[in-house]
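The values are calculated or read from the model by the stated rules, or taken from the named source; none is laboratory data. Because the structure is predicted, anything quoted here is derived from the model rather than measured. Every residue, glycine among them, receives a Cβ derived from its backbone with ideal geometry; neighbour counts consider all protein chains shown.
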Amino acid sequence: MTQLKWQLGTVVEIRQETPKVKSLILDVPDWTTHLAGQHVDVRLTAEDGYQAQRSYSIASPPEDKYLMLTVERIEDGEVSPYLTDELRVGDRIELRGPIGGYFVWNPRDRKNEGSPLFLVAGGSGIAPLMAMIRHRANSQNKAPTKLLYSSRSYDDVIYREELDRISANDSSLRVIHTLTRRQPQNWMSYERRIDLAMLAETAWQPAEKPIAFTSGPTALVETVANHLLELGYKPECIKTERFGPTGD
Amino acid sequence: MAEKFISRGFKGRARETARALKERIPPGQYETKDFPVLSAGPTPRTPLERWDFSIYGEMAEDLKWTWDEFRKLPRETVTVDIHCVTKWSKLDTVWTGVSVDTLLKGINLDAQPAVGYLIAFCDGGYTTNLPLADVRGGKAWVVDEYDGRPLAPEHGGPARLLVPHLYFWKSAKWVRGFKLVREDRPGFWESVGYHNYGDPWKEQRYTGD
Amino acid sequence: MKDNNLRLDGNAAGGLLNEIFPFEITAAEATCGSCGRMRPIGELMLYGHGMGAILRCAGCDTALIRITHIRGCYRLDLSGMSCLRIAADIQQNP
């Protein structure tokens with residue numbers, strides 16, 4: 001029986017994505033490969049042996065040399081403040097992975113052939129979906145894809161410029177934002193939490209045999225999944241990943 | 001085995017124990033000022049109109065109280081230290097409720113000495129087992145207030161069992177009653193590797209300790 | 001509700017499950033012995049926070065999988081699950 005081993009990754013770059021969110025780019029020499037949607041477990045050990053462990057989605061696509069983890073700083077969190085405030089380039093962290101066989105998108109899987117993708121993210125839930133979007137762009141996959149992305153404000157949109165750039169160059173990818181708390185002047189898109197009406201307007205029709213992936217805060221994920229069922233999506237076509245509480 | 005990797009600069013949640021307190025903290029524990037919430041399932045939300053507390057089992061008597069009846073029983077406030085098997089201890093916690101001695105008053109336990117154990121059962125299906133001797137003589141309560149306020153649902157409200165001399169998983173949240181039995185039977189955690197008794201001072205965390 | 005937001009799902013137990021099963025079990029489908037609902041393990045509700053992992057049916061909250069990992073020994077109680085369906089092409093662990 002093979003077992004995932006804990007391995008060390010070195011921080012080669014830290015990127016401030018938004019005020020509360022950083023991406024850690026890691027060099028993990030013993031890394032094999034992964035599928036878009038999978039995650040790693042990160043384990044921190046204090047000097048007295050105390051350990052804390054959390055899961056983080058891999059935001060980088062399988063073909064990238066380095067692993068990217070995107071971390072939202074949770075107030076009163078035990079692990080995220082360490083990763084966003086303390087960790088420096090050159091530090092190492094312990095992780096194991098890739099983990100996950102359910103919340104994954106593999107374009108080479110014949111079951112996915114011809115299926116349009118509906119990706120719904122809340123906040124830092126964008127991370128695993130970004131791995132999918134990046135992988136899709138790198139492999140010139142043209143599966144019609146829509147991303148519905150909920151953020152608190154314009155400044156809180158993670159990977160905003162990259163998403164603009166990728167979608168500008170690819171007519172088969174459409175990115176739809178909703179900003180729930182504050183909107184800039186002349187904002188033309190949605191201004192509220194994701195609800196049934198918004199999903200009815202944005203989601204692929206069930207007859208198109210779409211696959212939906214939704215990740216982010218637990219409340220958002222459950223709302224989206226329930227509404228997609230109401231709109232006629234089959235349960236087996238909706239994949240969910242709950243991130244727990246957010247830094248709100 | 002390879003030397004354990006230490007994450008530079010990682011401290012984790014505060015867990016320092018002042019020297020003077022060491023005798024109040026069982027071996028392997030650290031003091032916390034928080035009140036962590038650990039749950040084996042979703043928080044039940046039984047409305048008080050439907051809540052009741054029963055005592056039944058392998059003896060002659062059956063007892064039951066509605067919420068109003070329970071609230072009218074003699075109550076006391078106690079200050080105790082609590083110790084969780086996940087290593088945190090919280091000192092001087094204040095609870096108000098009904099002593100288990102009061103609840104067992106209506107049962108002639110002396111006439112039924114073979115009935116030596118109780119299984120606490122709870123909303124959501126959680127159970128834990130205890131020797132009767134460990135809930136009698138002022139050692140246990142069914143409490144509905146913490147720190148002078150109604151017990152919050154995530155901490156076990158409307159009422160939970162409180163047995164502070166044992167690890168805190170024995171202080172079953174959302175308790176709805178006791179089944180009194182002749183033969184001990186491991187409860188929810190006891191049946192998957194946690195110690196059947198759970199004395200923190202003997203560090204009885206796991207089966208076989 | 002505040003504490004519902006703390007709830008994670010079977011995906012977060014993936015690492016622990018990988019220690020035991022030689023394939024990606026979060027994709028396998030579990031049938032609840034209580035209500036009959038059959039869903040991938042990734043969709044079960046995860047509770048536990050430190051004492052062990054409890055995976056519950058999203059429909060009726062019955063505990064389908066209980067796992068503890070104590071001194072290197074795993075204990076699994078699968079009695080809440082009436083069937084586990086593992087597809088022929090389920091992903092193997094690396």
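Assorted remarks:
Yes or no, residue by residue, for (1) assigned to a strand (DSSP E or B); (2) closer than 21 Å to residue A:105 by Cα:
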| position | (1), (2) |
| --- | --- |
| C:11 | no, yes |
| C:19 | no, no |
| C:36 | no, no |
| C:60 | no, no |
| C:69 | yes, no |
| C:84 | yes, no |
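- The residues in segment B:84-115 that are of a type in the set (Gly, Ala, Ser) and under 20 Å from residue B:142 (Cβ atoms) can be counted, and the count is 3.
- Residues that are of a type in the set (Val, Ile, Thr), more than 18 Å from residue A:38 (Cα to Cα) and away from every other protein chain (no Cβ under 12 Å) within segment A:204-225 comprise just one, A:224.
- Residues that are farther than 28 Å from residue C:62 by Cα, part of a loop (DSSP other than H, G, I, E, B) and free of Cβ contacts under 8 Å to residues at least 40 places away in the same chain occur at least once in segment B:109-117.
- When the residues of segment A:189-203 are filtered to those that are among the aliphatic types (A, V, I, L, M) and over 25 Å from residue C:42 (Cα atoms), the one that is nearest to the other protein chains (Cβ to nearest Cβ) is A:198.
- The number of residues in segment A:47-66 that are crowded, with 17+ Cβ neighbours inside 10 Å, touching a residue at least 60 places away in the same chain (Cβ under 8 Å) and not hydrophobic (A, V, I, L, M, F, W, C) comes to 5.
- Matching residues in segment A:102-128 - criterion: being part of a helix (DSSP H, G or I) and touching a His at 6+ places or on another chain (Cβ under 9 Å): A:127, A:128
- Pick from segment C:9-18, criterion farther than 18 Å from residue C:87 by Cα and more than 7 Å from chain A (Cβ to nearest Cβ), ranking: surrounded by the fewest Cβ atoms within 10 Å (Cβ to Cβ): C:16
- When residue A:16 is tested against (1) in contact (Cβ under 8 Å) with a residue 24 or more places away in the chain; (2) assigned to a strand (DSSP E or B), just one condition goes unmet, and that condition is (1).
- For segment A:91-130, a residue qualifies if it is of a type in the set (D, E, K, R) and free of Cβ contacts under 8 Å to residues at least 12 places away in the same chain, and the qualifying residues are A:108, A:109, A:110, A:111, A:113.
- If you go through segment B:58-72 and keep only what is closer than 20 Å to residue B:47 by Cα and either assigned to a loop (DSSP other than H, G, I, E, B) or touching an Asp or Glu at 6+ places or on another chain (Cβ under 9 Å) (or both), you end up with B:64, B:65, B:66, B:67, B:69, B:70, B:71.
- Residues of segment B:61-118 that turn out to be surrounded by fewer than 17 Cβ atoms within 10 Å (Cβ to Cβ), out of contact with any Leu (no Cβ under 8 Å at 6 or more places or on another chain) and within 14 Å of another protein chain (Cβ to nearest Cβ), as a count: 1
- Flag for residue B:123 being acidic (Asp, Glu) and buried (at least 17 other Cβ atoms within 10 Å of the Cβ): yes
- Number of the condition not met by residue A:158 [criteria: (1) over 23 Å from residue A:198 (Cα atoms); (2) of a type in the set (A, V, I, L, M); (3) assigned to a loop (DSSP other than H, G, I, E, B)]: (1)
- All positions within segment C:19-40 that are more than 10 Å from chain A (Cβ to nearest Cβ) and either surrounded by fewer than 19 Cβ atoms within 10 Å (Cβ to Cβ) or touching a His at 6+ places or on another chain (Cβ under 7 Å) (or both): C:31, C:33, C:34, C:35, C:36
Rundown of residues vs (1) in contact (Cβ under 8 Å) with a residue 60 or more places away in the chain; (2) over 15 Å from residue B:169 (Cβ atoms); (3) part of a strand (DSSP E or B), yes/no style:
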{"residue": "B:42", "(1), (2), (3)": "yes, yes, no"}
{"residue": "B:46", "(1), (2), (3)": "yes, yes, no"}
{"residue": "B:55", "(1), (2), (3)": "yes, yes, yes"}
{"residue": "B:98", "(1), (2), (3)": "no, yes, yes"}
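Residues are listed down the side, and each one gets a yes or a no for (1) within 22 Å of residue A:151 (Cα to Cα); (2) surrounded by fewer than 15 Cβ atoms within 10 Å (Cβ to Cβ); (3) within 12 Å of another protein chain (Cβ to nearest Cβ); (4) at pLDDT below 95:
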residue: A:3; (1), (2), (3), (4): no, yes, yes, yes
residue: A:9; (1), (2), (3), (4): no, no, yes, no
residue: A:28; (1), (2), (3), (4): no, no, no, no
residue: A:45; (1), (2), (3), (4): no, no, yes, no
residue: A:68; (1), (2), (3), (4): yes, no, no, no
residue: A:75; (1), (2), (3), (4): yes, yes, no, yes
residue: A:81; (1), (2), (3), (4): yes, no, yes, no
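- Residue that is nearest to the other protein chains (Cβ to nearest Cβ), among those in segment C:41-64 that are under 19 Å from residue A:97 (Cβ atoms) and without any contact (Cβ under 8 Å) to a residue 40 or more places away in the chain: C:42
- Among residues of segment C:82-94 that are within 12 Å of chain A (Cβ to nearest Cβ), none has a Cβ under 7 angstrom from a residue that is loosely packed, with under 11 Cβ neighbours inside 10 Å and assigned to a strand (DSSP E or B) at a sequence gap of 6+ or on a separate chain.
- Residue B:179 over 23 Å from residue B:103 (Cβ atoms), away from chain C (no Cβ under 14 Å) and of a type in the set (D, E, K, R): no
Quick grid of which residues meet (1) over 25 Å from residue B:84 (Cβ atoms); (2) surrounded by fewer than 14 Cβ atoms within 10 Å (Cβ to Cβ); (3) in contact with a strand residue (DSSP E or B) (Cβ under 8 Å, 6 or more places away or on another chain):
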{"residue": "C:50", "(1), (2), (3)": "no, yes, no"}
{"residue": "C:62", "(1), (2), (3)": "yes, no, yes"}
{"residue": "C:70", "(1), (2), (3)": "no, no, yes"}
{"residue": "C:76", "(1), (2), (3)": "no, no, yes"}
{"residue": "C:79", "(1), (2), (3)": "yes, yes, no"}
{"residue": "C:84", "(1), (2), (3)": "yes, no, yes"}
{"residue": "C:88", "(1), (2), (3)": "yes, yes, no"}
{"residue": "C:93", "(1), (2), (3)": "yes, no, yes"}
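- Looking at A:228, A:148, A:179, just one residue is buried (at least 21 other Cβ atoms within 10 Å of the Cβ) and either within 14 Å of chain C (Cβ to nearest Cβ) or among the hydroxyl-bearing types (Ser, Thr, Tyr) (or both), and that residue is A:228.
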